[in-house]
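Read-outs: derived from the displayed coordinates by stated rules, not from any lab. All figures in this text were calculated on a predicted structure; none of them were measured in a lab. Cβ placement follows ideal geometry from the backbone for every residue including glycine, while neighbour counts extend to all protein chains displayed.
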Amino acid sequence: MSVSPILRLRDAAFGYDGRAVVSGVSLEVNPGEIIAVLGPNGSGKSTLMRGILGLNDHVSGQVELFGTPASSFKARTRIGYVPQRHTLSASVRATVEEVVEVGRLPHRPWYRRADAEDRRLVTAALAEVGLADRSRDDVATLSGGQHRRVLIARALAAQPDILVMDEPTAGVDTASQEVLAEVLERLAASGVTMIIVTHEIEALHGIVTRIVEVAHGAVTFDGPPARYGERVSASLGGVSLGGHDHHAEDLPHHAPGYARGPFDDARFAPDHGRFREGDRRG
């Protein structure tokens, strides 16, 4: 039995004030996929993600969510969103548990207090991100990486069918990135579908099943990580990023055959189908 896509775009365009910023996008997202959306700043990837979430203008083309045209889709709680925000607001005092419980609000009338099922789901979400022991702590006492995990738990508490994450590992130190990567790996293993906008591609080694690259307002690649690695290697003039003789960081910027990839802070090692650090120029 075939499984219906969670998301289907056909020649879709999104933008602002009726003007398309990203256009001609055709792709499908199926249950269980872990998709990394790559692209330089200004490429249109954030506009694409906001379009999927219904946060900007759908200019043209077809957009379906769970088999329903986006214009008619009402069950927005089925899509969890982790925004690009490194820290939670310190202007309002709240515990970790209280922040995560916000994810349950769309599932009950505003006047009804949290019940046993709400509390169970909040506890489960905190356990999933490794913060069960910090549930009663004030969020102001947490590190940046822990804040990111609280936001993921808040999204999970709503029990979405897909998580859209905007730079979940950005702005935190290496140790925190590793913890966040472990959280994402557990979510992937449990079958959670994810679309992850990221520049920290190394942190997602072994998790991502598919790469979508956005550049100049269009999708320029859509396929598995290993094939993307081959593409990047070819753009470097055949230099093997995982080889013994040359590394991307050794190449001068004007070297023949050198082409800037979607980022300057990471490259793929196609011989292993995984990511390798290289060519970090800031």
* Where residues in the stretch 173-182 are within 18 Å of Ile207 (Cβ to Cβ) and either crowded, with 22+ Cβ neighbours inside 10 Å or not β-branched (Val, Ile, Thr) (or both), which of them is farthest from the chain's Cα centre (by Cα)? -> Ala175
* Conditions: (1) crowded, with 16+ Cβ neighbours inside 10 Å; (2) on the phi > 0 side of the Ramachandran plot; (3) not aromatic (Phe, Trp, Tyr). Ser46 meets all but one. Number of the miss? -> (2)
* To do: Any residue in the stretch 47-60 that's without any contact (Cβ under 8 Å) to a residue 24 or more places away in the chain: show its pairings with residues that are among the aliphatic types (A, V, I, L, M) and assigned to a helix (DSSP H, G or I) at Cβ separation under 8 Å, as long as the two are six or more apart or on different chains.
  => Gly54/Ala70
* To do: Output the residue which, of all residues in the stretch 26-50 that are touching an Asp or Glu at 6+ places or on another chain (Cβ under 7 Å) and assigned to a strand (DSSP E or B), is farthest from Ala75 (Cα to Cα).
  => Leu38
